[in-house]
């Protein structure tokens with residue numbers, strides 16, 4: 001399982017260092033959110049890594065919901081992954097706080113040939129959301145993130161499959177949605193999952209944006225340019 005590079009410890013009590021979280025964000029999810037940089041004072045482990053670890057341990061169920069209840073940041077906090085067959089369970093940190101709530105229903109599979117490509121395709125889709133989907137969505141609603149102190153976090157996500165007898169899953173974007181309420185905005189990235197020409201499932205990812213303000217084209221574009229420049233510098237460094 002390719003995830004072993006991104007955590008340490010036994011299967012039921014694991015530790016993720018900032019370096020491992022940052023590496024997963026950049027190398028697997030193509031996500032350059034500053035919150036996932038090792039040196040960030042507000043560092044948090046990517047939600048997509050927590051999602052991937054749950055699928056790795058518990059398999060994929062026909063219907064799954066994930067709610068991110070806390071953030072795993074700097075320090076020696078470990079994750080407790082309970083041994084359970086329950087439909088609803090919580091993943092807690094060693095500090096006793098809930099990090100992730102999981103709700104699963106229906107048949108499940110532990111087939112790695114389904115789970116591994118599903119993880120890779122989903123997190124690649126997830127990492128693509130900024131700036132390519134979110135920025136045009138914000139511009140349409142005439143709002144933008146606080147570019148001096150951006151705070152964009154994972155709130156929840158959902159998966160639902162028609163069946164689990166498929167291979168080579170591919171995640172495809174459907175119409176995204178942005179709901180603005182004062183200085184907060186909720187973005188919903190809806191998607192379908194296909195195996196060949198067959199649609200085998202659907203889902204959505206919800207993110208929360210704090211401190212939104214009126215859209216300004218020039219500073220927003222400068223922020224995006226800097227984001228993409230950081231991304232390109234990193235990608236050049238690992239290919240040179």
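Neighbouring Cβ atoms within 10 Å as the yardstick, rank 215, 58, 154, 234 fewest first.
On the way: 215 16, 58 20, 154 23, 234 13.
By the 10 Å Cβ count, ascending, the order reads 234, 215, 58, 154.
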Between 0 and 90°, nearest 10: helix 18-27 axis offset from the chain longest Cα axis: 80 degrees
Normalised contact order of segment 2-227, rounded percent, pairs of Cα under 8 Å and 6 or more residues apart: 18 percent
Distance histogram for segment 37-90 (every C-alpha pair counted, 5 angstrom bins, percent rounded to whole numbers): 4, 14, 27, 25, 15, 8, 5, 1
Point-to-point label distance, residue 163-residue 235, nm (Cα→Cβ direction, 7 Å offset): 3.8 nm
C-alpha long axis of helix 217-239 to longest principal axis of the chain, angle in °: 50 degrees
Degrees separating the helix 47-58 axis from the principal Cα axis of the chain, which is the longest one: 10 degrees
Translational diffusion coefficient (Stokes-Einstein; Kirkwood radius from C-alpha pairs) of segment 2-227 at 10 °C, 1.306 mPa s, in µm²/s: 88 µm²/s
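Every number here is computed from the coordinates shown, using simple stated rules; none is lab data. From a predicted model like this one, the values you see are computed outputs, not experimental measurements. Note that each Cβ is placed from the backbone with ideal geometry, even for glycine, and that neighbours are counted across all protein chains shown.
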